[in-house]
Amino acid sequence: MKLTPKHFFLLIIPAMIVLLAFRNFIKPNSGNRLPGDSLSSPDYMDQQIKYQTYFPFIRYENNFIEWTSSEAVEGFYKKLRQTPVRKLKILHLGDSHLQADIPSGYIRERMQDMLGYGGRGLVFPYKAAGTHSAYDYKTACSGSWEYTRNTQKEALFDMGIIGATIHTNDSASSFRFVFREGFIRENFTVLKLYCKQDSLSYDIKLKTSSGDVPIYIDCGDYSSEKPYILITLSKPSDTLDFIINKTEKKQSFFECYGLMIESREDNGVLYCSSGINGAGYRSLNKQRLFERHLAELTPDLVILDLGANDFYGGAFNAAEIEKNMVKIIDIIQRAAPEASIILTNSQDIYYRRRKDIIACRDFMELTRRVAAYRKCAFYDYYDISGGKASMLQWYKKGLAKPDKIHLTTPGYNAKGNLYLNAMLNSYVIWLKDHPDSLVSTNHTIDTATLKKYFVEEISFKSENNKSGATVTYNEPEPETEGSDRIYYIIRSGDNLGSIAERYHVSVKDLQYWNGLSGTKIIAGESLVVYKKLHVTPTTTNTSAVQPKNTTQKQPAVTNTNRNGQRKTYRVVSGDSLWSIAKKYNTTVDKIKQANSLKTEKLNIGQTLIIP
């Protein structure tokens with residue numbers, strides 16, 4: 001039979017459709033490309049497990065999500081495999097450890113790099129609620145605002161998933177979001193404004209950084225079945241100005257519960273997080289709109305990452321904590337019956353810097369028990385992060401703040417790294433065996449396998465730990481060891497550069513020691529400074545509070561070589577050739593020449609000859 005042009009098109013068009021569909025299956029949005037069946041491959045997923053730094057007190061060998069019934073994780077892991085063609089939704093709820101979104105932000109960035117960009121998730125105009133925003137955006141407001149947070153004794157207004165609400169009767173009010181560069185992707189053009197839709201509500205005028213004309217939003221449709229107003233942008237915007245727009249005389253208020261930012265495609269990861277300083281399980285029970293918002297979101301996984309505020313500083317009332325915890329689980333399982341739930345627990349903490357809170361272990365045991373009988377997954381973060389008295393080790397390594405409750409930015413990144421890798425470790429086991437139950441101590445990772453997961457090459461030395469595995473890292477001591485620690489009280493006119501110069505350290509040192517992501521400091525607050533004992537500040541600082549009974553030690557970071565003439569220096573986190581050269585009154589070129597360095601890249605633990 002002779003093929004005509006008509007026959008050609010009848011054959012080629014279906015073939016092209018099949019090829020395009022297959023391409024869409026293996027290619028999530030924003031340019032990420034996955035092998036066709038990679039999410040079902042244990043070997044491929046095992047390659048995604050990466051740790052940035054090794055700390056000997058962390059129990060990496062047991063870092064798994066656990067379950068006593070496969071029902072606890074099966075739904076989530078099945079949906080994870082569908083991420084290239086279906087958006088994977090995760091909701092992470094917590095307290096002050098989560099409000100700045102650092103650990104959850106780490107997980108979001110890593111998961112989206114692997115699986116595609118499903119959206120930024122939930123954000124909130126925190127400035128109007130009298131508190132701070134997350135690490136990737138700032139908020140501002142004008143006019144008169146009232147607010148409710150879930151930690152307040154009496155709630156003035158209803159609250160949804162985020163646990164905070166802002167309310168105004170001022171028709172001249174506004175609020176703004178400004179996102180840091182790179183956090184709003186090219187496809188993040190879908191906004192969902194969670195607000196009270198009422199005929200008496202003010203309307204909204206939305207201005208973006210795209211230069212388009214303002215978008216006018218009608219907030220008066222109180223019959224809407226959705227708890228949000230859908231807004232579609234023509235292009236993404238890293239600045240969003242929401243301006244009150246009174247269009248009718250009867251309008252008298254506006255009430256906002258938060259904003260969702262999503263991608264326009266139905267694929268990738270939408271990782272939402274919400275934390276309120278001081279929140280606990282009892283706080284979540286005050287959020288009357290929580291169930292409705294959750295039912296609309298339909299998350300595939302909910303992580304409950306709070307609880308310390310339910311017992312910290314007071315008696316451990318197990319019955320009350322369990323009652324509040326079960327109430328929240330009931331709401332989640334009723335509103336989102338297909339969602340998996342991970343219950344986790346508090347890290348080791350100290351009370352007023354002196355007394356270890358033994359109730360942290362009691363809370364861990366309670367959480368494990370509730371997870372088992374409510375068919376939830378369980379993450380023993382208390383034990384994985386080191387268990388009893390481990391907070392002191394986190395503090396010594398610059399991972400915890402002086403209050404020995406909260407972590408520094410590197411500490412929260414380490415926490416996010418542990419959470420993500422625990423999910424991946426367990427997912428790999430689930431792909432291989434689909435076990436009915438998983439207990440972390442039954443799946444201890446041997447040291448030979450563990451080494452491959454670290455970005456930098458590490459070596460192990462023998463040290464007994466809970467599991468009996470030899471998993472400690474022979475790492476260089478940081479500059480905080482063998483150094484004289486002081487607390488510098490910030491004065492008017494100070495900046496990080498002047499303080500760093502005064503104590504012969506780098507700005508990066510100060511940021512690392514104090515968990516600062518930027519350079520903003522506030523007069524009256526204090527900074528931890530590890531002053532090298534071989535260096536004297538350029539001037540005497542009367543604002544520095546010296547600890548008593550300080551024992552002078554020879555700093556581990558400097559010594560002499562065999563002929564006693566040249567100094568050597570061991571590189572620690574935050575160092576650069578410029579900061580080292582300034583510290584020893586030499587130049588970058590001289591250090592490079594003395595060490596035959598072709599670039600300025602340094603490795604932690606590297607020993608440099610100081611000319």
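No value in this document is a laboratory result; all are computed from the given coordinates. Predicted model only: the values in this text are computed from it and were never measured. Here the Cβ positions follow ideal geometry from the backbone for every residue, glycine too, while neighbour counts run over all protein chains shown.
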*What's the extension gain from VAL455 to GLN333 if we count 0.36 nm per residue and subtract their Cα-Cα distance?*
40.1 nm
*ASP362 versus SER144, label points 7 Å from Cα toward the beta carbon: distance in nm?*
4.7
*asked:* Suppose the chain between ALA448 and GLU248 were pulled fully straight at 0.36 nm per residue; how much longer would it get relative to their current alpha carbon spacing?
replied: 65.0 nm
*Which of the listed residues, GLY182, LEU206, THR168, is farthest toward the dipole's positive end in region 159-235, when Lys, Arg count +1 and Asp, Glu count -1 at the beta-carbon?*
GLY182
*asked:* Among 493-500, 298-305, how do they line up by average Cβ neighbours within 10 Å per residue, starting with the highest?
replied: 298-305, 493-500
*asked:* Could you list ASP436, ASP212, ASP356 so that the one with the fewest beta carbons within 10 Å of its beta carbon is first and the one with the most is last?
replied: ASP436, ASP212, ASP356
_In whole Hz and in residue order, list the ³J(HN,Hα) couplings for region 383-390 that follow from phi through the Karplus curve 6.51 cos²θ - 1.76 cosθ + 1.60, θ = phi - 60°; x for Gly and Pro._
6, 4, 6, x, x, 4, 6, 6
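Could you calculate the FRET efficiency of LYS323 with ASN603 from 1/(1 + (r/R0)^6), where r is the beta carbon distance between them and R0 is 51 Å, rounded to 0.05?
Here the calculated transfer efficiency is 0.50.
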*Distance between modelled label sites at SER576 and ARG292, nm, 7 Å Cα→Cβ extension*: 5.1
*Efficiency by 1/(1 + (r/R0)^6): what FRET value for SER224 and LYS78, r their Cβ-Cβ distance, R0 = 35 Å, to the nearest 0.05?*
0.65
